[in-house]
Amino acid sequence: MLATSIRPPTVQEIRKLNLADIAIAAGLAYGLRDRLKEHVRIDAFTVADPFADKDDHIYSVVVDRENPNRIVAMIVNKKDSLPQLPWTTILGEKLAKIQIPKSEAKEIKHELMPKETGNFYPYRRGNRIAGFFMFAFQICGQR
């Protein structure tokens with residue numbers, strides 16, 4: 001379900017997550033990835049992070065509705081990647097997708113995955129790359 005009343009977590013809120021929160025988010029991410037695979041093809045290898053100066057992307061995070069500080073995935077969609085995915089079906093009742101500005105996406109990504117690049121899996125619709133996913137089961141953090 002797309003979220004309108006849920007706000008994305010701040011970097012300070014992300015830093016307060018404990019190991020149990022990260023484990024829950026990782027478990028939710030595996031389920032999300034399985035549901036996504038019913039609609040798109042996810043490439044097997046990661047690519048450079050999609051934060052170029054000039055880009056045509058829309059940035060979103062998928063969060064746990066129970067605790068929105070738990071980021072389950074980050075999604076970077078190309079603006080022209082139509083038709084849209086059936087997000088209500090993919091997310092179910094447990095997850096919410098929140099669109100965020102690129103600057104926030106970069107901050108959140110850096111907090112969760114400080115490795116400079118190669119954090120995103122491309123996904124394809126047909127033979128075209130439609131966007132990129134970074135999942136919570138990849139999180140290494142800075143602790």
Qualifying residue in the range 23-34 (condition: in contact (Cβ under 8 Å) with a residue 24 or more places away in the chain and assigned to a loop (DSSP other than H, G, I, E, B)): no
From Phe45, Phe133, Phe51, residue being more than 20 Å from Gln12 (Cα to Cα), assigned to a strand (DSSP E or B) and either touching a residue at least 12 places away in the same chain (Cβ under 8 Å) or of a type outside the set (S, T, N, Q) (or both): Phe133
Condition broken by Ile6, with the remaining ones in (1) in contact (Cβ under 8 Å) with a residue 12 or more places away in the chain; (2) assigned to a helix (DSSP H, G or I) satisfied: (2)
Residue within the range 23-45 that is hydroxyl-bearing (Ser, Thr, Tyr) and either crowded, with 17+ Cβ neighbours inside 10 Å or under 22 Å from Gly126 (Cα atoms) (or both) present: no
Selection count where residues are among the hydrophobic types (A, V, I, L, M, F, W, C), over 10 Å from the mean Cα position of the chain (by Cα), under 27 Å from Glu116 (Cβ atoms) and at pLDDT 90 or above, scope the range 49-87: 1
Set Ile90, Ile58: member being touching a residue at least 40 places away in the same chain (Cβ under 8 Å) and either in a helix (DSSP H, G or I) or buried (at least 18 other Cβ atoms within 10 Å of the Cβ) (or both): Ile90
From Lys97, Lys106, Lys102, residue being out of contact with any strand residue (DSSP E or B) (no Cβ under 7 Å at 6 or more places or on another chain) and surrounded by 12 or more Cβ atoms within 10 Å (Cβ to Cβ): Lys106
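The values are calculated or read from the model by the stated rules, or taken from the named source; none is laboratory data. Remember, predicted model here, so these are calculated numbers, not experimental data. Note that each Cβ is placed from the backbone with ideal geometry, even for glycine, and that neighbours are counted across all protein chains shown.
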